[in-house]
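Inspection log for the structure reproduced underneath, given as structure tokens.
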Amino acid sequence: MRRTALADLPLIALALALSVFGVAMVYSAGQTDAPTAVARLYRSQMLWVVVAIFGAYVVSRASVRLVEWAALPSYMLTILLLIVTLVAGSGAGTAASSKSWLTIGGVRIGQPAELAKITVVLMLARVLAARREPPKSLLDLWQPALIVGIPWLLIMAQPDLGTGIVFVGIFFAMLFWSGVSWRLLLLVASPAVSMVLAFNTRLWGAWFCLLLALVWTYKPYLLEGIIIVCLNVMMGVVAPIVWERLAPYQQKRLLVFIDPTIDARASGYHVIQSQVAIGSGGWLGKGFTEGTQKRLGYLPEQHTDFIFAVVGEELGFIGVTLALTLFLGLFLRTVRVAARANDSYSSMVAFGLAASWLVHVFENVGMTLNLAPITGIPLPFFSYGGSFMLASWLAVGMLVRISAEGRGRAAALAV
Amino acid sequence: MSFHPNDVSRRARTAGGLLVGAFAILIGAFFRTQVVRNEQYALQSEENRLREVPLPAPRGIIYDREKRVIAENLPGYTVSLLSPTPDSLRAALRRLSGTIQLTNDQIEGAVRRFRRDPNRPAVILPDADFQVVSVLEEHRTEYPGLIIQSAPKRYYPDGPVVASFVGYTGEITESDLNSRKYEGYKPGQQVGKEGIEKQYEEVLRGKEGSRFVEVDARGRVVREAGAREDLAPEAADPLYTNIDLDLQRHAASLFGDSLRGGAIALEPRTGEVLALYSSPSYDPNRFIGGIPAAYWKELNTDPRRPLYNKVIKGRYPPASTWKLATSALAMQAGVVSLDDRMPVPCTGGYMYGRYWRCWDKRGHGNVTLRQAIEKSCDVYFYQLGLKLGLSRMLAGGISLKMNERTGIDLPNEQRPLYPASEAYFNEKYGERGWVAGSTVLNLSIGQGENSQTVANMARFYTALATDGHAARPEIVRRNPERVRLFKLSDAQMAGLRTAMKGVVSSAGTANSARIEGVVLAGKTGTAQNSENPNVDHAWFVGFAPADNPTIVVAVFIEFGEHGYVAAQVASKIISRYLKRETVLPPTTEGD
């Protein structure tokens, strides 16, 4: 018998490397000329990494079957918590007016949305894995859509656009992995595309023609085809009206996403300072802890949302490439784990977890470069924050388990 | 889920490909930002963190013709504040006024400078004295945006003596900052406000240097030095003037506190301004670092108008000093020679429509032009004016540049007033509202619609002193510029000068025993004025030595009563310059 490692060492090594990199950046983020509380945070972040790794170890002991069994109850619990949060939640930090934190007696317990990211993956995997054939029509998609849709609506109501986008990403990625045709996925996404393109009549017209061709070739049920086309027409017309109804700050956020110089001192300020920090880094950066944008307080949220700008400023293009390559490695490895999983459920879970990370990485890193809207979403393994670090490592633990089972080494992991 | 291994590995390949592609795009985006556009962002990041603290450059030193200092720079200090917003600036200023006294004006001034250029430290005290600076240094840590900067400050060792031509400097005004002329100037900078300080601003202005301090996002100075290499200020080149400081001081002392008016001394061939003084003067040193309100008010309410330059701005009837213009024009036109007499001898007056009086009611008799100049006989000049005729009189005045600025290198020179043609009178009084005859009678003796500046009369006399060419007055050494005013033969010129010399023989007889005197040629004048009809203004314009003039002097004394008051001042100026005793021709003055 070929000797194989007990655990998926490359996966663990990548996650560990990213965590060490992340803690180093949290440390650097605290090194400002005018000392703030951030200066001490790297210590608690280190502690959280240790706790998270221990958590990952515990999870890796649990059979995937146990996880599968727990999917439904934990999903129901998540929905309940989300409703409670919506009724009696509180905001925090910059998003003080939103309700994303579950608060009991004034003490912030945690963000149920974080939990939802995992339980939705587990639940969706269960539903999709149970099917013999992947969904082929819109009607077939009602179950997955419901599973993602309920928590998604509850989270968007908080409101938390950033996390909402993560769920959309998980939804499409897992459908793809379950074997749903890309054309059906495109049809599902088409109303949203219409909404975005509604502001330019010609672009929307072109898109609409493309859509008609797609409907023609994919040949969905007649009714579904008509619904899709109608939805697109509606979005093309409704979107501008909805825009009018958006609160000015919401409009502003979207506008700033398009052009951050509109209001440089207010909403656009973060993005501009982040771009300046990254751009001034050059090839090799200004040196670890030496970033002037960060040191002098020009970079906002430098230890959480904009921590990647610190990477860009201090370690330059080389450091950015290294960090992104580590992430790419993690994703490719996860896809491999998903592809070699023992059963379809494990495979779906592994891919769903990777999708969740991926959306985080692209949203967060894209935001620092003004390629994505400012949503205040953390960067896995980097951003300061205990619960997200724990969640990320629990996912790693799960992946290690799936990987081991896939290679027939699950028994070796058992106690 | 279709979990057939082939399907799964196909999807895994697709997913892997998409991942690699997406990351490649992301890394590409970072490449664009960090490598391609690095320069732009690096600059922005520097602009973010570095604040330029201006290092003012010393203005050019101004020298007189003997390289004596007229204007120099002394070490001084400016106090300024860096802040991110006007509100935080106000708050800092309020706190600061607990340590040092700040007036409301100073606070508003600092805020105004800040609004103009928020990235520049807003100047609070343009000229802080050493005590204030040492107090602030002690409390430095309490005011994180405070910047104390040594800055050269203008000083005029002779103060009021030189103010009339050198002017003064001051902080650039808001409206100047908006004008094209002061492009590139920053709020809080010092500029020339008057005199040659203003006229030669471009030359005198040094090149401002920079020190860079590092500030954080809240505008606090984090590092004072070494954030980037300093740019040293560059001093401007010195400015050499034609002024004779010794003569200037002497002229000022002659006016003293009692006389008000102005004097200008020119080198007749080059137009070099040897001295230019307007009395009373003001102390330009008190203007540096902001004019104290009380002093400013005092200067502006003083009825003697110290800020009004009586040499280049004041316009007065030239009176009898003009008779040389009438003579030169008539001789040039060929209607008279120095030995010609007029039909009617002077009996103390002349009938032309009404009775026109001569200044001396005893009369001068039947005189030649030479004698008429000597005695300043009005009756002779009335008739000479009639002979010349109004149109030639008007056109002649224009050809003598009596309605043009001298072009002296000082700002705000006034244009003298002289009617260009008869149309002027038609327009002013209506075609029947004036009489050509009496107009020409008035003009011929330097009265009527004729207002000249002291500088322009001096310029005209440089033509009399030389060969009919007038020299443009030059305070700063430039290329002399001469322009022909009239054309007379050498003999005629010599004759005119002789006539102006008066009784030449008296020089030989009266003073030869004591000292070999220099003869002064010139013409007094007594001009009536509307301000006080009983006390006339006194004029003297002349030159010396009469045979080969090296200095032309014009002196005007407001309410001087008699022309000889001005003549005495002029004579003393000339003596000082020639370092020899001069002999004043014993001409009694004309009207």
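Quick check: is even one residue across region A:295-310 touching a residue at least 60 places away in the same chain (Cβ under 8 Å), touching a Leu at 6+ places or on another chain (Cβ under 8 Å), facing chain B (nearest Cβ under 9 Å) and not hydroxyl-bearing (Ser, Thr, Tyr)?
The answer is no, given that none of the residues of region A:295-310 is touching a residue at least 60 places away in the same chain (Cβ under 8 Å), touching a Leu at 6+ places or on another chain (Cβ under 8 Å), facing chain B (nearest Cβ under 9 Å) and not hydroxyl-bearing (Ser, Thr, Tyr).
Which condition number in (1) in a loop (DSSP other than H, G, I, E, B); (2) away from every other protein chain (no Cβ under 14 Å) is the one that B:Pro118 fails?
Failed condition: (2).
Looking at A:Arg253, A:Arg265, which one is within 29 Å of A:Val196 (Cα to Cα), modelled with pLDDT under 85 and within 14 Å of chain B (Cβ to nearest Cβ)?
A:Arg265
Return the residue satisfying two criteria in turn: it lies in region B:1-19 and is at the interface with chain A (Cβ under 7 Å from one of its Cβ atoms) and modelled with pLDDT of 90 or more, and of such residues it is surrounded by the fewest Cβ atoms within 10 Å (Cβ to Cβ).
B:Gly16
Would you mind stating whether B:Tyr240 is surrounded by fewer than 17 Cβ atoms within 10 Å (Cβ to Cβ), under 27 Å from B:Glu481 (Cα atoms) and of a type in the set (Phe, Trp, Tyr)?
yes
Quickly run through region A:82-112 and pick out the residues that are in contact with a Lys or Arg (Cβ under 7 Å, 6 or more places away or on another chain) and modelled with pLDDT under 75.
A:Gly89, A:Ser90, A:Gly91, A:Ala92
Being part of a loop (DSSP other than H, G, I, E, B) and touching a Leu at 6+ places or on another chain (Cβ under 7 Å) is the filter here, so list the residues in region A:145-169 that pass it.
A:Ala157, A:Gln158
Which of the numbered conditions does B:Trp434 fail, given that it passes all the others? Conditions: (1) under 30 Å from the mean Cα position of the chain (by Cα); (2) in a loop (DSSP other than H, G, I, E, B).
Checking B:Trp434 against (1) under 30 Å from the mean Cα position of the chain (by Cα); (2) in a loop (DSSP other than H, G, I, E, B), the one that fails is (1).
Have a look at A:Val233, A:Val215, A:Val180, A:Val237 and point out the one that is within 14 Å of chain B (Cβ to nearest Cβ) and either more than 22 Å from the chain's Cα centre (by Cα) or not in a helix (DSSP H, G or I) (or both).
After applying the criteria, what remains is A:Val180.
Inside region B:400-431, can you point out the residues that are outside any loop (DSSP other than H, G, I, E, B), surrounded by 14 or more Cβ atoms within 10 Å (Cβ to Cβ) and among the hydroxyl-bearing types (Ser, Thr, Tyr)?
B:Tyr424, the sole residue that qualifies.
When the residues of region A:23-58 are filtered to those that are of a type in the set (Val, Ile, Thr) and at pLDDT below 90, which remaining residue is nearest to A:Gln293 (Cα to Cα)?
Looking at the filtered set, the residue picked out is A:Thr32.
So B:Gln447 clears everything in (1) crowded, with 17+ Cβ neighbours inside 10 Å; (2) at pLDDT 90 or above; (3) within 30 Å of B:Leu276 (Cβ to Cβ) except one condition, right? Which one?
(2)
Scan region B:399-435 residue by residue and report those that are among the β-branched types (Val, Ile, Thr) and either without any contact (Cβ under 8 Å) to a residue 12 or more places away in the chain or within 30 Å of B:Glu194 (Cβ to Cβ) (or both).
B:Thr406, B:Ile408
Does region A:130-166 hold any residues that are among the aliphatic types (A, V, I, L, M), under 19 Å from A:Val349 (Cβ atoms) and within 14 Å of chain B (Cβ to nearest Cβ), and which are they?
A:Ala130, the sole residue that qualifies.
Considering region B:335-353 alone, what residues qualify as being closer than 17 Å to B:Leu441 by Cβ, touching a residue at least 24 places away in the same chain (Cβ under 8 Å) and either of a type in the set (D, E, K, R) or not in a loop (DSSP other than H, G, I, E, B) (or both)?
Once the filter is applied, which keeps residues that are closer than 17 Å to B:Leu441 by Cβ, touching a residue at least 24 places away in the same chain (Cβ under 8 Å) and either of a type in the set (D, E, K, R) or not in a loop (DSSP other than H, G, I, E, B) (or both), region B:335-353 yields B:Cys346, B:Gly349, B:Tyr350, B:Tyr352.
Examine region A:350-373 for a residue that is over 21 Å from B:Ala15 (Cα atoms), part of a loop (DSSP other than H, G, I, E, B), within 9 Å of chain B (Cβ to nearest Cβ) and free of Cβ contacts under 8 Å to residues at least 40 places away in the same chain, and state whether such a residue exists.
Among the residues of region A:350-373, at least one is over 21 Å from B:Ala15 (Cα atoms), part of a loop (DSSP other than H, G, I, E, B), within 9 Å of chain B (Cβ to nearest Cβ) and free of Cβ contacts under 8 Å to residues at least 40 places away in the same chain, which makes the answer yes.
Would you say B:Tyr380 is modelled with pLDDT of 90 or more and within 17 Å of B:Gly525 (Cβ to Cβ)?
For B:Tyr380, the condition - modelled with pLDDT of 90 or more and within 17 Å of B:Gly525 (Cβ to Cβ) - is met.
Out of region B:68-99, which residues are in contact with a Gly (Cβ under 8 Å, 6 or more places away or on another chain), hydrophobic (A, V, I, L, M, F, W, C) and not in a helix (DSSP H, G or I)?
Result: B:Leu81, B:Leu82.
Just one of B:Leu125, B:Leu146 is buried (at least 20 other Cβ atoms within 10 Å of the Cβ) and under 30 Å from B:Leu410 (Cα atoms); which is it?
B:Leu125
Would you point out the residue of region A:311-330, among those that are free of Cβ contacts under 8 Å to residues at least 12 places away in the same chain and not hydrophobic (A, V, I, L, M, F, W, C), that is nearest to the other protein chains (Cβ to nearest Cβ)?
A:Thr321
Identify, please: which residue in region A:115-144 is modelled with pLDDT under 85 and assigned to a helix (DSSP H, G or I) and is, among those, surrounded by the fewest Cβ atoms within 10 Å (Cβ to Cβ)?
Within region A:115-144, the match that is surrounded by the fewest Cβ atoms within 10 Å (Cβ to Cβ) is A:Leu139.
Taking region A:218-230 on its own, how many of its residues are part of a helix (DSSP H, G or I) and in contact (Cβ under 8 Å) with a residue 60 or more places away in the chain?
3
So, of the residues in region A:331-345 that are within 9 Å of chain B (Cβ to nearest Cβ) and assigned to a helix (DSSP H, G or I), which turns out to be surrounded by the most Cβ atoms within 10 Å (Cβ to Cβ)?
The selected residue is A:Ala338.
Read through the list (1) at pLDDT 85 or above; (2) in contact with a Lys or Arg (Cβ under 6 Å, 6 or more places away or on another chain), then give the number of the only condition that B:Val53 fails.
Going through the list (1) at pLDDT 85 or above; (2) in contact with a Lys or Arg (Cβ under 6 Å, 6 or more places away or on another chain), B:Val53 breaks only (1).
Does region B:320-333 include one or more residues that are part of a loop (DSSP other than H, G, I, E, B) and in contact with a helix residue (DSSP H, G or I) (Cβ under 9 Å, 6 or more places away or on another chain)?
Looking through region B:320-333, none of the residues is part of a loop (DSSP other than H, G, I, E, B) and in contact with a helix residue (DSSP H, G or I) (Cβ under 9 Å, 6 or more places away or on another chain).
Scan region B:30-39 residue by residue and report those that are surrounded by fewer than 23 Cβ atoms within 10 Å (Cβ to Cβ) and within 7 Å of chain A (Cβ to nearest Cβ).
Residues satisfying the conditions are B:Phe31, B:Val35, B:Arg37, B:Asn38.
Residues are listed down the side, and each one gets a yes or a no for (1) over 22 Å from B:Phe425 (Cα atoms); (2) of a type outside the set (Phe, Trp, Tyr); (3) surrounded by fewer than 19 Cβ atoms within 10 Å (Cβ to Cβ):
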{"site": "B:Lys361", "(1), (2), (3)": "yes, yes, yes"}
{"site": "B:His364", "(1), (2), (3)": "yes, yes, no"}
{"site": "B:Glu374", "(1), (2), (3)": "yes, yes, no"}
{"site": "B:Asp378", "(1), (2), (3)": "yes, yes, no"}
{"site": "B:Gln383", "(1), (2), (3)": "no, yes, no"}
{"site": "B:Leu388", "(1), (2), (3)": "no, yes, no"}
{"site": "B:Met393", "(1), (2), (3)": "no, yes, no"}
{"site": "B:Gly396", "(1), (2), (3)": "no, yes, no"}
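If I filter region B:47-67 for residues that are buried (at least 18 other Cβ atoms within 10 Å of the Cβ), within 8 Å of chain A (Cβ to nearest Cβ) and in a helix (DSSP H, G or I), do I get at least one hit?
Within region B:47-67, one or more residues are buried (at least 18 other Cβ atoms within 10 Å of the Cβ), within 8 Å of chain A (Cβ to nearest Cβ) and in a helix (DSSP H, G or I).
The values are calculated or read from the model by the stated rules, or taken from the named source; none is laboratory data. The structure presented is a predicted model; accordingly, all values stated were derived computationally and were not measured. Every residue, glycine as well, gets a Cβ built from its backbone with ideal geometry; the counts of neighbours run over all protein chains shown.
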